[in-house]
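One structure below.
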Amino acid sequence: MRWLPVCTDFRERLRAARQMTDPPRRFAALESLARLRLGYLETIQLDRAIDSAACLGADGHTRLRVELLADATVEHLRSAIRVAGLRRRLLLEVAVGRFDQYRQDILAPDSWLQGFAPQAVVLSLSARPLVESTPIGATAERVGAALSAFVDELRGLWSAVSRRHGCVVVQQTFLDVFDPVFGSHDLLVPAAPTRLVAALNGRIVEAAADAGVLLLDVGRVSARDGIDAWFDPARWLQGKLEIAPQAAPWYGELVARVLAAQRGLSRKCLVLDLDNTLWGGVVGEVGVEGIVLGEGSALGEAYRGFQRYAKVLADRGVVLAVCSKNDAALAEAAFRDHPEMLLRRSDIAAFVANWSDKAENLRAIAEQLNIGLDSLVFIDDNPAERARVRESLPMVAVPELPEDPALYVRCIAEAGYFDVVGFTAEDRERSRQYGANTEREALRASAQTVDEFLRGLEMTVVHGPLLPVDVARATQLLNKTNQFNTTTRRYTAEQVAALSEGSGASALQFRLADRLGDNGLVSVMVLVPAADEPDVLEIENWVMSCRVFGRQLEHEAMNILVDAARSQGVRALRARYHPTERNAVVRDLYPSLGFAPVTGPVSSDGSSEWQLHLGNYAALSTCITRRSSAT
């Protein structure tokens, strides 16, 4: 994992952390070790130290119960998964199922999984049963039938996990650990192991997409690294380990990425230095015409290739920013005037070029974009600047960039900072939306009052029930939103799809547009009829994108909900607020909307309950025009 800094004094730092008597300081020291490049044995030692610390001082981390089910030995992967999770502020409790008993663990009515109540189940399975049961001379039709039967069984297991536990299912793709039978001709023989594994992975991808199951693509990573980096025949024969110990840290990293992405903890913004990062040379010394970029040299093409990759990331929803010690006018001139620049100034949502400390500039960028510092990935060729930011802002991801610019893209891609579990229309528009936000902030600065600013936006909210076409984006919003999230409950795609069917629980969705652009689907309310009072409607959860904070959408959304509830004969609304380190922005949401606290014992987790009698509700004044999605 070459993007992580090398650790030269692991034993000393681990010993020092263990000796700390203050739990938060001890945990922070252990967490900092998880951000370094560690081997298999170091990973196990760190995991034991984390266990002994009893996770005290881990406030602000997302706790998650994960079950690892397999038909091979996987106990050695537990530590790697936990340590990798810590790099993404996930505090994982990992349970490992019995050897090759995954069917029984999932299907048995008295399965121990019921007591563990997993929030994510990872299926780590081998292709050996399929390969070994398929004769090498089997026809294409027989191979197709065997593949269908194998995948259909997996579909049944996925459905059982989701139905019984309501949790996320993660299916590992299959390793090709088999030696060739026909050489290159294997690709033309339906039952040859290599072709069989490739066909199985193709079928699994299609089935997972259809079932809303997440994928753990060890097949691709092992093909890139070489199978010897992942599979050791001797280890398989000795203890049935299909994932070799040396690959355990990589495996844990991949699991943690998927879980973090599903929980909305992936990074959102790529912050770029300029000189010797986006181009070769120092623009202040050689001028715009003197920088190294583009065709004609390997170095210039490397920088152009990195820009191309950054632009592709922007096209898929990653926000781009610039943080450079530079003259602002000269830096912007390079974007405007150099003919080989692929990135343009309009691609950059926040552009900070000055001579101030970069850590402080990163704070300013996060504030301007209204995102957390833990959403930033900072790219800088200067080791001193990287070390400074890591020390001052440990929540900012700072990859250890290689010296050769030709390897910049591989470094960022391998680090997986921006891994996701879905790709929606809103993702494609995100960079443009953040650029429009910059224009909105300029309008805000020029307005005399907040009301003048809001009226000048000419906002319209499109609202209505959640439709099947909205499921992917709604799932993403419910799982990735951490600030405006009243209960931080997470939902599987299957659960969100059920909300769109309108039986029992339901959901309202809200889209906000203004004269500067369309923000897309930015808010979702999950609504459930109260079990004890049929004329009471409960707001099970309410989320809203940080991009539209401060624009009165929460007020107009409540007006819309009250009107809809009254038309259905609802007497009152009930809601809950569950506090976390990151959702303090909605601490006073319900009282600000006219809700009164529900009397009763205070919850041990700090949650509070609120109720609004609709007969007492007066519509809140906003500058938003509403339009039903049905019109």
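The values are calculated or read from the model by the stated rules, or taken from the named source; none is laboratory data. Source: prediction; values computed, not measured. As a convention, Cβ positions derive from the backbone with ideal geometry for all residues, glycine included, and neighbour counts pool all protein chains shown. Heavy atoms of the whole protein, side chains included, go into the accessibility calculation; ligands, DNA and RNA do not. Shrake-Rupley method; radii C 1.70, N 1.55, O 1.52, S 1.80 Å.
Once the Cα-Cα distance is subtracted from the 0.36 nm per residue extended length, the Leu237 to Thr449 segment shows a gain of 69.0 nm. Heavy-atom accessible surface of the range 429-470, averaged per residue, reaches 52 Å², computed with a 1.4 Å probe. Restriction of the GluC sites (Glu not before Pro) in the range 166-268 to DSSP coil positions whose beta-carbon has at most 12 other beta-carbons within 10 angstrom yields no sites. Summarising the amide proton neighbourhood of Asn326: residues at separation of 5 or more, or on other chains, whose placed amide H is nearer than 5 Å comprise Asn354, Trp355.
Working from label points 7 Å from Cα in the Cα-to-Cβ sense, the Val469 to Ser32 distance is 5.2 nm.
Taking amide H positions as modeled 1.01 Å from N, with prolines and chain starts lacking one, the residues under 5 Å from Asp232 and 5 or more places away or on another chain are Ala244. Taken over the chain, lysine pairs spaced eight or more positions apart, or on distinct chains, with alpha carbons under 28 Å apart number 9.
Extension gain for the segment Thr599 to Gln114, taken as residue separation times 0.36 nm less the Cα-Cα distance, is 171.3 nm to one decimal.
Here the range 539-631 carries DSSP beta bridges of which approximately 90% are antiparallel, counting only pairs with both residues inside.
Relative to the Cα centre, the charge distribution of the range 246-359, modelled as +1 at Lys and Arg Cβ and -1 at Asp and Glu Cβ, gives a dipole magnitude of about 700 debye. With R₀ set to 45 Å, the beta-carbon distance separating Ser356 from Arg489 gives a calculated FRET efficiency near 0.65.
Per residue, the accessible area of the range 128-171 comes to 45 Å², computed with a 1.4 Å probe over protein heavy atoms only. Since only Leu466, Gln483, Thr449 are under comparison, the one whose Cα sits farthest along the positive direction of the charge dipole of the range 443-485, derived from C-beta charges on Lys, Arg, Asp and Glu, is Gln483. Rolling a 1.4 angstrom probe over the chain with all protein chains present gives an accessible area of which 52% lies on carbon and sulfur atoms.
Full extension of the chain between Glu581 and Ala211 yields a length gain of 129.9 nm, computed as 0.36 nm times the residue separation minus the alpha carbon distance. Counting only DSSP H runs of at least 4 residues, each contributing -39500 (n - 2.57), and dividing by the residue count of the chain, the helix-based mean residue ellipticity at 222 nm comes to -12500 deg cm²/dmol. Taking Cα centre as origin and charging only the Cβ of basic (Lys, Arg, +1) and acidic (Asp, Glu, -1) residues, the dipole magnitude of the range 441-529 rounds to 240 debye. About its Cα centre, the dipole of the range 1-156 is roughly 800 debye, where the only charges are +1 on Lys and Arg Cβ and -1 on Asp and Glu Cβ.
Sparse packing (at most 12 other Cβ atoms within 10 Å of the Cβ) combined with a DSSP loop state is found for the following GluC sites (Glu not before Pro) in the range 539-631: Glu581. Averaged per residue, the range 204-304 has 38 square angstrom of accessible surface, using a 1.4 angstrom probe with ligands and nucleic acids left out. For the chain, the alpha-carbon radius of gyration amounts to 1.03 times the rule-of-thumb value 2.2 N^0.38 Å expected for a compact globular protein. Here is the list for the range 418-506: trypsin sites (Lys or Arg not before Pro) lying in DSSP coil, each with at most 16 other C-beta atoms within 10 angstrom of its C-beta, are Arg489. R0 = 30 Å: FRET efficiency of Ser184 with Arg155, Cβ-based, nearest 0.05? Calculated transfer efficiency: 0.35.
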